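Heads up, the thing below is written out as structure tokens.
Read the figures in this text as sums done on the coordinates, not as results from a lab. These numbers were taken from a predicted model, which means no experiment stands behind them. Glycine also receives a Cβ, built like all others from the backbone with ideal geometry; neighbour counts cover every protein chain displayed.
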Amino acid sequence: MDDALDITLTVNGMPVTRRVPVRLNLVDFLRHELGLTGSHVGCEHGACGACSVVVDGDVVRGCLMFAVQADRAVVETIEGASENGRIKSLQDAFHDRAALQCGFCTPGMLLTAAALLARDPSPDRKTIRGAISGNLCRCTGYQAIVDAIETVTKSVGNDD
Amino acid sequence: MKAPPFQYRRMETLDELLRALAVHGEAASILAGGQSLVPLMNLRMARPDVLLDINRLNELSGIRVEDDRLVIGTLARHVDVLNSPDVRRHAPLIANAMPHVAHDAIRNRGTFGGSVALADPAAELPACCLALDAEIELRSQAGARTVPATDFFLGAYETACTDTEALVAVHIPIKKETVSFFEELSRRRGDYALAGLAARASIIGSRLSDIRLVFFGVEDRPLRAKATEAALEKGDAAAAEAALEVDLDPINDPQTSSAARRQFSHVLLRRAVDTWLPKGTIDG
Amino acid sequence: MTEAPFRAPIGEDVRSPRAPRLLAGRGKYTDDISAARIAHVAYLRSPYAHARIVAIDRDAATSTPGVLLVATGAEISDDCASWRGTHDLFPGLVAAEQPPLAINRVCWHGEPVVAVVAETRAEAEDAVELIEVQWEEFPPVADAATALSGPAIHPELGGNIGFETTVEAGDASAAFAAAHLVVEERFRFGRHTGVSLEPRTILADYNPAEDSLLVHQSHQTPHQQQDLFSRLLGIPEHKVRVVCPDVGGAFGLKHHLHGDEITACVLSRKLGRPVKFVADRLESFLSDIHCRDHEITARMALNDEGQITAMEVDDLFLVGPYSQYPRSSIAEGNQISRLCGAPYRHTDYRAHLRMLYQNKNLIGHIRSVGHPLAAAVTEGLLDKAAVCLAIDPVELRRRNYLRDEDFPLTSPGGIEFEHLSFNACLERILEMMDRPALLAEQNRLREKGVYRGIGLTTFVELTAIGPEYYGGGGQHISAQEGCFVRIEPSGMIRCMTGVTDQGQGIDAGIQQIVASVLGVPVDDVRVESGDSELSPYGGGSWGSRGAVLGGETALRAARALRRNILDLAATLLQCDASALDIRVRNIVDATSGQIRMSLAEIANTGHFKPFAFPKDMQPALAVVEHYASRDRLFVAGNGIQASYLEVDPETGFVKLLGHWVVHDAGRLLNPLMVKEQIRGGVVQGLGGVLFEECIYSAQGQLQNGTFADYLVPMAAEMPDIEVDHIETPTATSELGTKGAGEAGTAGAMGAVLGAINDALSPFDARISETPCTPDRILRALGKI
């Protein structure tokens, strides 16, 4: 049997206590222990960004943290960010611009884009492309995603 | 790809870490940012019996100026190094290297010390350490020692840090009136470099001296091109090109040949020379 | 009665109905789905390209806590038939029988050998490591020369040539002998793979109490899988259900049969528990279908006016040790041998194709099967000729394109073309890119030692393959489509289609057609797909067929329902059905637009008060229609792409500056979805020409199995892509729509290859090997 530890953390605003195998990574914990399947697994080596979640305010790779490392942390997934409304402008822009097709990269893209706009409210296209350069999309070719993010920068108020 | 089983210990103090290292030695790995270690564990290429999580050792995370040195704690996150005004002012070479290190999400967790301790041949930070004459501070239960960067990087993923030591900080001498040059060639933004050059020199009048030309991604460790440095110190760009042939023995891999790496190194050298000679830009 | 015209929302930029839940993180991909008592499988895979399995010692694995079952290839084959990837339309194609897991011998690096089922994937992987296999290595067939002259991988086939053919028209030899100019090039197209972000995933749940199988699978063709699982596993077909929920990218990859996936079904039957398999990224690179491994020598003959008189192609097509199933591996080679030269007037043609087995992963269908290579070869030769003849490459194309008046025709490659709009696309792209400005900039920058290139590639895209190809080929692959439409008592519309949607926007297109015919807002229509039990029998989505065939079927089904509704309304309103229409949820007078009653009212009456109608009138508020295109093998579209880029001759690095596409896909149901499909397809094509390669060693071992060393395009290096359309509807269907999903990939490779060669022309350097890495460009320049 794997070693296991108790962890207590906040996920999408709710306190969570669980006993977890120490080698269980954060995204697998969120997906299979908590049923928050909006974060996705694409590579398990940190290269594709599908597993992106927010830990203590930073976007991180959920496949490169063990769940035990998130003890005492504040974690937000795409579900939480969607429900609390903080990414609504981005979601609307993505929808309008058809900046998603299969949707698998989309949660990671949205969280990454939100983090960009939080630190740089008016990035140019080159900056936007650089900011999402760690998120693999195989369907859109990226342009619609860049367009959608750019739309939000020009719009009258971001939510955050 | 799920990591193999391991024991997990959360370190609450530096002493606890050093004790654990003394006990477990090579059976243990330090978990800092995890951005390099965890992929290797998921791929089952790294299999520590014990993982020592140092993320709560806040005393190791600072970036500060001490007299004539910039001290970067091992746990300083890449994003903090990127945004640090002290790094920008006192080690612009590192500040210029940071945007090339992976991507935002990786930089949010990855640590300065972790990158230096890993010593990936194509990584930016070991090369910067070498170019800046950094001193690497190691601690063990037996005590503390500093190793000059020039003696620290021994090969691919191999450093002078022993199994019972932890890298706790990197000390970078602050030098006035220096110029630096950083460039890397990679296929995509954030990739490891196919070849890169981290370089620094002192400028007195219009003469360059104390030149450090550190190529990375070219051999199995960051490499100071010493003959090339000597030629440049004499102001002889043509001799520097020739000397580079002697200094370099580039590696081969399935996608990029040693010949290509050799070509890249020459291009990077030329770009550095064009930036510095006849007139350099003063950093400090 | 007058049929409804193609009114809105057909032709509008309707957004995908799947998008809102995907944006909220509420998609349902196969790994999001679980089941009671679920178990997980991991595989021991061959470390060698070619080896005998001498012995397998699994005792340590079997006795590991958490492990439920360890099964060898022989044990899996007890419960699952093997398959052979033949194709009746290619009777000369010989293929060996392939088992789900290797038995006695492994034939490619990564072939699955032993299955370990455990409570968790991690434990299964732990147990895999405890299995000891004794191997006896054989020398691998890992290149064309060895494949041609070395020992046969499968001695019963007599050699490694799986298929050989010559496609001929006219007298190519004579044309070459008489030519004013012959240009020739040897091309090497590197092998790559599909790389869907969601890996291949299957959850198999066998119910022993009723001998039924429920499968959730990330896949494009649920009915095909229903057939395969039924036949190969020996389960009655009506007790096999395959559900394809949200799919995170497919690109053709996910319409094949993979042995590790059907094995999950076998394991579920053996255990009586649900078994899930998720291919991790490493095993994706090892065992997902690969594509595009070709060595092509081609020549083009031209007269002194720059007219193409003949073309000749020799294609060495390097596949895996088996022909993929169920479609066979032949398609890329078949397309290339028939599509080279397709845009141009010529009568003399020869293409020689040899499909060679190797000890590498299997080759199958990945987006734009063979088309990018045919286009790159053709356009590459033409550009070379343009340089030799000192004729502008655009002018050379104008001189040679098939013209409107040439159609319909059968090409020298044997393809029937209804109508293709080459000249119209060319003129439009020249406007869009402002070629004179780019040429001026190119010249100006050359003086400064900056080398930019402009490349053009014309392409033809065969879409929406009809039943003759696979049905005629003896394969159980549906090319007919089904669509079910029902009006709910409240007037809302349900639609179930036999095509599927992995993000292409096919759901939206179907929604638009049904909404248009039934006169309701698009959001009143809900489209469901992907369930072999609930979806009308159909072919799923592949080969750019979804919108074309699914759309045409939806049109028929919606019209049938409309007729039924109007018949009912006419009875109640005591008028002729032809005098009525449905607009904005109301039954109206077709001429005046006056509202007679609501759609909801007729639906409610039909469902709950059938006594309102005469006794001999049974309200049929649900219909299902099926449709197979009978007139032609496929629908051909065409287009042209342009690339503008910069090559650094010192480093061999390429910077993409601009990309343009003009494409003719007939009537566009949804221009937004089509444009985005094209952009995505272009970027996949850019990946194939610049970055992506499955690199095998001389020993046949894959060298790059992670995203660190298999490079896919990321955002920072990609250009903005301008897309415009010409619409030449096809007469082979009412909607007049042609497939568009693969068009972006078809032309991107040739455009970039051409642009790189244009940039390198001052150095008298040429590159004809993909991907065009810095290494290869430096070698072409003679710098290394």
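Which residues does the label zone of residue C:211 cover in the range C:67-92, counting backbone N under 16 Å from a point 7 Å along Cα→Cβ?
So the set is C:79-81.
Going by how many other beta carbons lie within 10 Å of each one, how would you line up C:497, C:72, fewest first?
C:72, C:497
Taking the Cβ of residue C:219 as the center, what net charge do the other residues with Cβ under 9 Å away carry, scoring Lys and Arg +1 and Asp and Glu -1?
Taking every Cβ under 9 Å from that of residue C:219, the sum is +1.
Summing Lys, Arg as +1 and Asp, Glu as -1, what charge do residues with Cβ under 12 Å from the Cβ of residue B:229 carry, residue B:229 excluded?
The answer is +1.
I'd like the Karplus ³J(HN,Hα) series for the range B:182-191: coefficients 6.51, -1.76, 1.60, θ = phi - 60°, whole numbers in Hz, and an x wherever there's a Gly or Pro.
With coefficients 6.51, -1.76 and 1.60, one gets 9, 8, 9, 9, 9, 5, 9, 4, x, 5 Hz.
Tell me, what is the FRET efficiency for residue B:220 and residue A:8 to the nearest 0.05, using R0 = 45 angstrom and their Cβ-Cβ distance as r?
It comes out at approximately 0.55.
Counting other beta carbons within 10 Å of each residue's own, what order do C:237, C:75 fall into, fewest first?
Ascending number of Cβ neighbours within 10 Å: C:237, C:75.
Go ahead and run the numbers for FRET between residue C:404 and residue C:37, Cβ-Cβ distance against an R0 of 56 Å, rounding to 0.05.
Calculated value: 0.30.
Mind pulling the per residue volume of the convex hull built on the Cα atoms of chain B? Å³ is fine.
Dividing the Cα hull volume of chain B by its residue count gives 121 Å³.
Any idea what Rg and Dmax come out to for the range C:444-560 if you just take the C-alpha atoms, in Å?
Spelled out, the Cα radius of gyration and Dmax of the range C:444-560 are 20.1, 73 Å.
Pairwise over distinct Cα atoms, reciprocal of the mean inverse distance: report the Kirkwood radius of chain C in Å, one decimal place.
One decimal place: 27.6 Å for the Kirkwood radius.
For residue B:11, what charge total do you get from the other residues with a beta carbon under 13 Å from its beta carbon, if Lys and Arg give +1 and Asp and Glu give -1?
Value of the local net charge: 0.
Specify which residue in the list C:328, C:181, B:180 is farthest towards the positive end of the charge dipole of the protein assembly as shown, using unit charges on the beta carbon of Lys, Arg (+1) and Asp, Glu (-1), about the Cα centre.
About the Cα centre, the residue reaching furthest to the positive side is B:180.
When only alpha-carbon atoms are used, what values of Rg and Dmax, in angstrom, describe the range B:133-284?
In order Rg, Dmax, the Cα atoms of the range B:133-284 give 16.7, 51 Å.
Across the range C:142-159, in residue order, what do the Karplus-derived ³J(HN,Hα) couplings come to in whole Hz, using 6.51 cos²θ - 1.76 cosθ + 1.60 with θ = phi - 60° and x for Gly and Pro?
10, 7, 4, 4, 5, 4, 6, 10, x, x, 6, 4, 10, x, 5, 8, x, x
Using a simple charge model, +1 on the beta-carbon of Lys and Arg, -1 on the beta-carbon of Asp and Glu, nothing else, what dipole does chain C show about its Cα centre, in debye to the nearest 20?
For this selection, approximately 1140 debye.
With label points built 7 Å along Cα→Cβ from the Cα atoms of residue C:734 and residue B:68, find their separation and express it in nm.
Those two pseudo-labels are separated by 8.8 nm.
Relative to the Cα centre, what is the charge dipole magnitude of the range C:425-547, using +1 at the beta carbon of each Lys and Arg, -1 at the beta carbon of each Asp and Glu, and rounding to the nearest 20 debye?
Dipole magnitude for the range C:425-547 comes out near 600 debye.
Only residues of the range C:426-459 count here: report those whose backbone N is under 17 Å from the spot 7 Å along Cα→Cβ of residue C:185, or say none.
C:453-459
Taking θ = phi - 60°, what integer Hz values does the Karplus form 6.51 cos²θ - 1.76 cosθ + 1.60 yield along the range C:237-254, in sequence order, with x for Gly and Pro?
Each residue's phi maps through the Karplus curve to give 4, 6, 10, 10, 10, 10, 10, 10, x, 4, 10, x, x, 9, 6, x, 3, 9 Hz.
On a 28 Å Cα-Cα criterion, which of the cross-link pairs A:88/C:675; C:254/C:276; C:276/C:360; C:360/C:675; A:126/C:738; B:2/C:254 come out too long?
C:360/C:675; A:126/C:738
Across the range B:118-169, what fraction of all alpha-carbon pairs, as a whole percent, falls in each successive 10 Å bin from zero upward?
27, 57, 16, 0
Tell me, rounded to the nearest percent, the portion of alpha carbon pairs in the range B:182-271 spaced more than 17 Å apart.
The share of Cα pairs beyond 17 Å in the range B:182-271 comes to 45 percent.
Can you tell me the alpha carbon radius of gyration of chain A divided by the globular rule-of-thumb value 2.2 N^0.38 Å?
Expressed relative to 2.2 N^0.38 Å, the Cα Rg reads 1.04.
Kindly provide the helix-only [θ] at 222 nm of chain C, computed as the sum of -39,500 (n - 2.57) over DSSP H runs of four or more divided by all residues, to the nearest 500 deg cm²/dmol?
After summing the helix terms and dividing by the residues of chain C, the value is -8500 deg cm²/dmol.
Quote the charge dipole size of the protein assembly as shown about the Cα centre in Debye, to the nearest 20; the model charges only the Cβ of Lys and Arg (+1) and of Asp and Glu (-1).
The calculated dipole for the protein assembly as shown is roughly 1340 debye.
Counting other Cβ atoms within 10 Å, keep those with at most 10, restrict to DSSP loop, and tell me which trypsin sites (Lys or Arg not before Pro) in the range C:421-482 are left.
C:448
Which of B:108, B:171, B:72 sits closest to the plus end of the dipole of chain B, meaning its Cα is farthest towards the positive end, when Lys and Arg get +1 and Asp and Glu get -1 on the C-beta?
B:108
Put a dot 7 Å past each Cα toward the Cβ at residue B:258 and residue B:204; how far apart are the dots in nm?
3.8 nm
Under the definition of partner shielding as Cβ atoms of other protein chains within 10 Å of a residue Cβ, what is the mean value for peptide A:73-83?
That works out to 2 on average.
List the residues whose amide H sits under 5 Å from the amide H of residue A:66, counting only those 5 or more places along or on another chain, with H placed 1.01 Å from N in the peptide plane.
A:26
Going by how many other beta carbons lie within 10 Å of each one, how would you line up B:258, A:39, fewest first?
In order of increasing Cβ crowding within 10 Å: B:258, A:39.
Find how much the distance from residue B:163 to residue B:271 grows on full extension, using 0.36 nm per residue of separation minus their present alpha carbon separation; answer in nm with one decimal.
34.9 nm
Could you give P(r) for the protein assembly as shown, binned at 10 Å from zero, as whole percent values over all Cα-Cα pairs?
Binned Cα distances yield the sequence 2, 9, 17, 22, 21, 16, 9, 4, 1, 0, 0.
Rounded to a whole number of µm²/s, how large is the Stokes-Einstein D of the range C:665-745 at 20 °C and 1.002 mPa s, given Rh as the Kirkwood radius over C-alpha pairs?
Translational D for this selection: 143 µm²/s.
Please report the antiparallel percentage of the DSSP beta bridges confined to the range C:223-359, to the nearest 5.
Of the beta bridges lying entirely in the range C:223-359, close to 50 percent run antiparallel.
For the pair residue B:188 and residue B:133, what calculated FRET efficiency results from E = 1/(1 + (r/R0)^6), where r is the Cβ-Cβ distance and R0 = 30 Å, to the nearest 0.05?
0.45
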